[in-house]
Structures are given as structure tokens and as C-alpha cells.
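Below: one structure, written as C-alpha cells.
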Amino acid sequence: MNAKVWLIGAGPGDPELLTLKAVRALAEAEVVLIDDLVNPLILTHCPQARVVAVGKRGGCRSTPQAFIQRLMLRYARQGRCVARLKGGDPCIFGRGGEEAAWLQAQGIETELVNGITAGLAGATQCGISLTLRGVSRGVTLVTAHTQDDSPLNWQALAQGGTTLVVYMGVSKLDEVRQGLLAGGLAADTPVAMIENASLPQQREQRSTLVQLCEDAARFKLSSPAILVIGEVAARAASGSTLLQIPA
Ligand code: SAH
């Protein structure tokens, strides 16, 4: 019996941005549960495995999270080696820690495998250094989408002096703009919107905090996308492909 659950970060989309450890775990897996945002090309590393799509678009309805956890538990209790593929890093807005703790509480051996989180990947793919020397002393990863809709501490975010990387922000752009402006961030603070980071259909658009909503609408920004907010967003290395919108 080699029952085990691997909770694996599949990275932002480009199948080459996968760790060697993830590849090894996939080669050992008998069952692979794959989330929506994971590039299916990654499945070339586990031709032997049964593949189950468990994203919201994969057929789970009312309580997908509980359903997925029960499914992992069921396969593991059958003595199978299970790999759960999650987008980006399993522990960055990915419930990896929760799932690992829950599985361990059920007596199941569990291992987390890092992935490259979308915010870091997206910035680098666009030539943006999130901690550019002399410009930014740090980076804050934040979700615009809280489970209980509680407000973020925009003032702290605006005044923290770090580059902000906003996940799940596409439907909350106005909230992000209003919150940060009210919190004291300058209206002309540079913003980069990065959609489908690391995939062939990656798009990016530069804007400013005050223009964010209008520019996103013209650009037809859609999910999955991240926002990079801060001076570094105006300092991309040359060579990145900027899609310009005609004025
Ligand atoms: N665990 C994931 C995040 C899951 S939350 C990670 O570490 O990356 C889902 C959000 O991640 C999306 O709403 C979007 O903001 C971001 N995201 C995921 N993949 C992305 C991609 N390829 N490009 C841009 N943003 C992405």
C-alpha cells in the first residue's frame, strides 16, 4: 500500500514552469485530480493515471470543496497514490494548507509541492521586477475577493510601501481603485494588468490607478488576471510584448 496524497502546484499555465518534484509525483500517481486553471498539457507526465476533473467547471455542484476532499480521501483509503493538481502554488490562495491539514487529520500521508504562483510568474513574464532595487522594498500578495466579503485594510495596503499584487481582482476593480485612492495611494500610481500569464494567450496592459477601470474595460480584461500596482509596473524590462490599445 502506497496511499498518499500529493497536493501539487502546477504553476501559472506554461507546462515548462513545473518543478521536477511535481513531475516525479505525477509519474507515481494512480489518480490525478485536476483543477480548472491547470493546463491539461501537464497531464503528459502521468499517462498511467486516471484523471478526474474537479474544478467548478468539472462537474462539481453545490459543495465542490467538501466533494473534492471526500474524493481524495476515498481514493487514498483504497490504497492509491493521489495527485491533486492546483494552479500556481497550492498554498497561495489555493487552500493547500487546509486540505493538507484535513487529510492528515484523517490519517492520510500528505505532501505539498510548490508551484510558481501566478502573481510572481505574471510579473516576471512581463519583465516587471516586483522588488526592483531602489524602487520597491517588498511585495504584498492580496486577494480582492474575501470569503465573507469583509473589507480589506486598504489604508494599510496603500501605505505599506510595497508593490501590490492583486489576485481575483477582475470583478473588483472599482473597489480596488476606490480603496487604494482613499487609503492614500497616488492617482498616477502605475498598474499592470496581466491576463493568462505564461500562456500563449497572455496579454498585458499598463495603466494607472485612477484610470484602472476605464482601461480594463477598453482592454476587455478577463479572468484569470493579476494586477501589479506600484512604481515597478512602469519599469518593465524591454522585450516584453505590450499590447497597445488605440486611444
Ligand atoms: N493558487 C493560485 C491562485 C488561485 S486563485 C496561484 O498560486 O497562482 C485564482 C486567481 O489566480 C485568479 O483569479 C487570478 O487572479 C490568478 N491567476 C491564476 N492563474 C493566472 C494566470 N495564468 N494569469 C493571471 N492570473 C492568474
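Please go through segment 1-20 and give me each residue that is more than 19 Å from the chain's Cα centre (by Cα) and open to solvent by 60 Å² or more (accessible area, probe 1.4 Å), ordered by number. Give the steps one after another, and end with the answer.
Restricting attention to segment 1-20, the residues satisfying the condition of being more than 19 Å from the chain's Cα centre (by Cα) are 1-5, 20.
If the condition is that a residue be more than 19 Å from the chain's Cα centre (by Cα) and open to solvent by 60 Å² or more (accessible area, probe 1.4 Å), then Met1, Asn2, Leu20 are the ones that fit.
Can you find, within segment 160-177, the residue that is nearest to Gly88 (Cα to Cα) among those that are surrounded by 13 or more Cβ atoms within 10 Å (Cβ to Cβ) and away from the ligand (no atom under 16 Å from the Cβ)? Steps first, please.
Filtering segment 160-177 down to residues surrounded by 13 or more Cβ atoms within 10 Å (Cβ to Cβ) leaves 160, 162-170, 172-173, 175-177.
Keeping just the survivors that are away from the ligand (no atom under 16 Å from the Cβ) gives 160, 162, 177.
Values: Gly160: 25, Thr162: 22, Arg177: 25 Å.
Per the criteria, the residue is Thr162.
Filter segment 21-33 down to residues that are touching a residue at least 60 places away in the same chain (Cβ under 8 Å), away from the ligand (no atom under 14 Å from the Cβ) and either open to solvent by less than 10 Å² (accessible area, probe 1.4 Å) or in contact with a helix residue (DSSP H, G or I) (Cβ under 9 Å, 6 or more places away or on another chain) (or both), then give me how many there are.
At the first step, the residues of segment 21-33 found to be touching a residue at least 60 places away in the same chain (Cβ under 8 Å) are 21-22, 25.
From what is left, the residues that are away from the ligand (no atom under 14 Å from the Cβ) are 21, 25.
Adding the requirement that they be either open to solvent by less than 10 Å² (accessible area, probe 1.4 Å) or in contact with a helix residue (DSSP H, G or I) (Cβ under 9 Å, 6 or more places away or on another chain) (or both) leaves 25.
Qualifying residue count, segment 21-33: 1.
So that you can scan it fast, the table gives a plain yes or no per residue for (1) assigned by TED's automatic domain parsing to the domain that holds Ala53; (2) open to solvent by less than 60 Å² (accessible area, probe 1.4 Å); (3) under 12 Å from Gly9 (Cβ atoms); (4) in a loop (DSSP other than H, G, I, E, B):
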residue	(1), (2), (3), (4)
Cys91	yes, no, yes, yes
Glu98	yes, no, no, no
Leu103	yes, yes, no, no
Ile108	yes, yes, no, yes
Thr124	no, no, no, no
Gly134	no, no, no, yes
Val142	no, yes, no, no
His145	no, no, no, yes
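Residue check: is Gly79 out of contact with any Phe, Trp or Tyr (no Cβ under 9 Å at 6 or more places or on another chain) and buried (at least 19 other Cβ atoms within 10 Å of the Cβ)?
Numbers: out of contact with any Phe, Trp or Tyr (no Cβ under 9 Å at 6 or more places or on another chain): yes; buried (at least 19 other Cβ atoms within 10 Å of the Cβ): no.
The answer is no for Gly79.
Looking for something open to solvent by 30 Å² or more (accessible area, probe 1.4 Å) and either within 18 Å of the chain's Cα centre (by Cα) or within 12 Å of the ligand (Cβ to nearest atom) (or both) - is there at least one such residue anywhere in segment 202-214? Yes - at least one qualifying residue is present in segment 202-214. The single condition among (1) part of a loop (DSSP other than H, G, I, E, B); (2) more than 10 Å from the ligand (Cβ to nearest atom) that Gly115 does not meet is (2).
The values are calculated or read from the model by the stated rules, or taken from the named source; none is laboratory data. Computed from a prediction, not measured in an experiment: that's the story for all the values here. Here the Cβ is made from the backbone with ideal geometry for all residues, glycine too, and neighbour counts use every protein chain on show. We work out accessible area using only protein heavy atoms, side chains counted, and drop any ligands, DNA or RNA first. Shrake-Rupley method; radii C 1.70, N 1.55, O 1.52, S 1.80 Å.
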